[in-house]
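Student: Structure provided below as structure tokens; questions to follow.
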Amino acid sequence: MTDDATTVLPPVPDALAAPASPVTLDAPLAPPARTGAGAPALPSGGLAELDAREITAWFGSHKVLDRVSLTMQAGRITALIGPSGCGKSTFLRILNRMHELVPSAQLAGEVWLDGEDIYSPQKRLIDARRAIGMVFQKPNPFPAMSIRENVLAGLKLTGTKASRSAKDDLVESCLTKGGLWKEVKDRLDAPGGGLSGGQQQRLCIARSLAVKPRVLLMDEPCSALDPTSTRVIEETMLELASEVTIVIVTHNMQQAARVSDQCAFFLASHGTPGVIVEHGDTSAMFESPRDERTAAYVNGRFG
Ligand SMILES: Nc1ncnc2c1ncn2[C@@H]1O[C@H](COP(=O)(O)OP(=O)(O)OP(=O)(O)O)[C@@H](O)[C@H]1O
Ligand SMILES: [Mg+2]
């Protein structure tokens, strides 16, 4: 059940559907720039640490996370691992204020991005979403929109204006960072839905990057993909980590070992809420875990 410390979150519409106050973009991703007209570009901010403090979460009266704290280091890849139902996706959704979209959802605790509480009353939902992007398990491009329009969709939704050439630069830079440019540069006007699953997922990564997030959350981004596409996405993540903090949920222990610097093992045993049993450097978690439950999980003995 909830207690006094609980923040009861009213259901809100998806903020990305509601344009924020318009800003103007006249440069591709970093470096930060001002437009020729003097209007501010989208803030790009640089690398940022994400700090979750004492996160407790409920769906109705069902407590699914219990005082989970985790620092996700700037410019690093943090992997969240653990058996099904232990609250990894819920935790991830709390990190960019998507949890509050569920009518019964409640939350206690704090999430700090680069020293600022994203749940503070002064903070707008749209700012958290823009700064902290999300890529889902199932690629979700807008199927009828062109590849180019998909990449630019976030700008439209956040009310960002840009010149044609700034948009062209942004499309190329985001698709390059997403590891897709070479494959699609000659068919940018083809529908996003016509790409393969792996390409669609990279398109979604490119779309997330277009609003210059400081953190990219990825919930099992490769679980629907073949090994080759998975490898391409992993390479993309490793390249992106120098400019965006990445948090990935994965059930694939090899993937966690290959891509992540830090790892957190979630567990909800016997119907109790999810907690982090152990976290730290990925190599230590896999080679010499402190907790026997971590050892059992990373060695595939349960879950
Ligand atoms: N929208 C929702 N309404 C009610 N309960 C939910 C909702 N989403 C998740 N839950 C419950 O919260 C708990 C944690 O679910 P969550 O999806 O966060 O787990 P997970 O670790 O991501 O699992 P998986 O590895 O299977 O994706 C589960 O008991 C789940 O049933
Ligand atoms: Mg999940």
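Student: Out of all the residues in segment 81-116, which are within 11 Å of ligand 1 (Cβ to nearest atom) and among the charged types (D, E, K, R)?
Tutor: Lys88, Arg93
Student: Mind listing whichever residues of segment 170-191 are assigned to a helix (DSSP H, G or I) and free of Cβ contacts under 8 Å to residues at least 40 places away in the same chain?
Tutor: Residues satisfying the conditions are Val171, Leu175, Thr176, Trp181, Lys182, Glu183, Val184.
Student: Right, something else. Considering segment 85-127 alone, what residues qualify as being among the polar types (S, T, N, Q) and within 16 Å of ligand 2 (Cβ to nearest atom)?
Tutor: Ser89, Thr90, Asn96
Student: A further question on this structure: Give me the strands (runs of 3 or more DSSP E) completely within segment 77-147, filtered to those with at least 1 residues that are under 23 Å from Asp66 (Cα atoms) and over 11 Å from the mean Cα position of the chain (by Cα), ordered by residue number.
Tutor: Result: 77-81, 105-113.
Student: Moving on to the next point. Can you list residue pairs whose Cβ atoms sit under 7 Å apart, with the first residue in segment 83-101 being among the acidic types (Asp, Glu) and the second being within 8 Å of ligand 2 (Cβ to nearest atom)? Count only pairs 6 or more apart in sequence or on different chains.
Tutor: none
Student: Please work out if Thr71 is among the polar types (S, T, N, Q) and either part of a strand (DSSP E or B) or away from ligand 2 (no atom under 16 Å from the Cβ) (or both).
Tutor: The answer is yes for Thr71.
Student: Within segment 40-63, is there a residue that is surrounded by fewer than 16 Cβ atoms within 10 Å (Cβ to Cβ), more than 16 Å from ligand 2 (Cβ to nearest atom), assigned to a strand (DSSP E or B) and modelled with pLDDT under 95?
Tutor: Yes, because at least one residue in segment 40-63 is surrounded by fewer than 16 Cβ atoms within 10 Å (Cβ to Cβ), more than 16 Å from ligand 2 (Cβ to nearest atom), assigned to a strand (DSSP E or B) and modelled with pLDDT under 95.
Student: I'd like to know if segment 193-200 contains one or more residues that are modelled with pLDDT of 95 or more, closer than 24 Å to Asp114 by Cα and out of contact with any Cys (no Cβ under 6 Å at 6 or more places or on another chain).
Tutor: no
Student: Please verify whether Arg301 is at pLDDT below 95 and either within 16 Å of ligand 2 (Cβ to nearest atom) or charged (D, E, K, R) (or both), treating the condition exactly as stated.
Tutor: Answer is yes for this residue.
Student: If you check Thr78 against the conditions, is it at pLDDT below 95, away from ligand 2 (no atom under 15 Å from the Cβ), surrounded by 17 or more Cβ atoms within 10 Å (Cβ to Cβ) and of a type in the set (Val, Ile, Thr)?
Tutor: In short, no.
Student: A further question on this structure: Restricting attention to segment 50-69, which residues are within 18 Å of Val215 (Cα to Cα) and among the small types (Gly, Ala, Ser)?
Tutor: Ala52, Ser69
Student: Can you tell me how many residues within segment 244-259 are free of Cβ contacts under 8 Å to residues at least 24 places away in the same chain and either assigned to a strand (DSSP E or B) or hydrophobic (A, V, I, L, M, F, W, C) (or both)?
Tutor: Residues flagged as free of Cβ contacts under 8 Å to residues at least 24 places away in the same chain and either assigned to a strand (DSSP E or B) or hydrophobic (A, V, I, L, M, F, W, C) (or both) within segment 244-259 amount to 0.
Student: I'd like to check something: does segment 249-259 contain any residue that is within 28 Å of Ile126 (Cα to Cα), at pLDDT 95 or above and within 20 Å of the chain's Cα centre (by Cα)?
Tutor: Among the residues of segment 249-259, at least one is within 28 Å of Ile126 (Cα to Cα), at pLDDT 95 or above and within 20 Å of the chain's Cα centre (by Cα), which makes the answer yes.
Student: May I pose another question? Mind counting the residues in segment 192-226 that are in a loop (DSSP other than H, G, I, E, B), among the charged types (D, E, K, R) and either surrounded by 23 or more Cβ atoms within 10 Å (Cβ to Cβ) or in contact with a strand residue (DSSP E or B) (Cβ under 8 Å, 6 or more places away or on another chain) (or both)?
Tutor: 3
Student: Counting only residues that are assigned to a helix (DSSP H, G or I) and surrounded by fewer than 13 Cβ atoms within 10 Å (Cβ to Cβ), how many does segment 260-282 have?
Tutor: 3
Student: What about Asp219, is it more than 28 Å from Val259 (Cβ to Cβ) and either free of Cβ contacts under 8 Å to residues at least 12 places away in the same chain or within 16 Å of ligand 1 (Cβ to nearest atom) (or both)?
Tutor: No.
The values are calculated or read from the model by the stated rules, or taken from the named source; none is laboratory data. These numbers come from a predicted model, not from an experiment. When we count neighbours, we look across all protein chains shown, and the Cβ atoms used for this are built from the backbone with ideal geometry, even at glycine.
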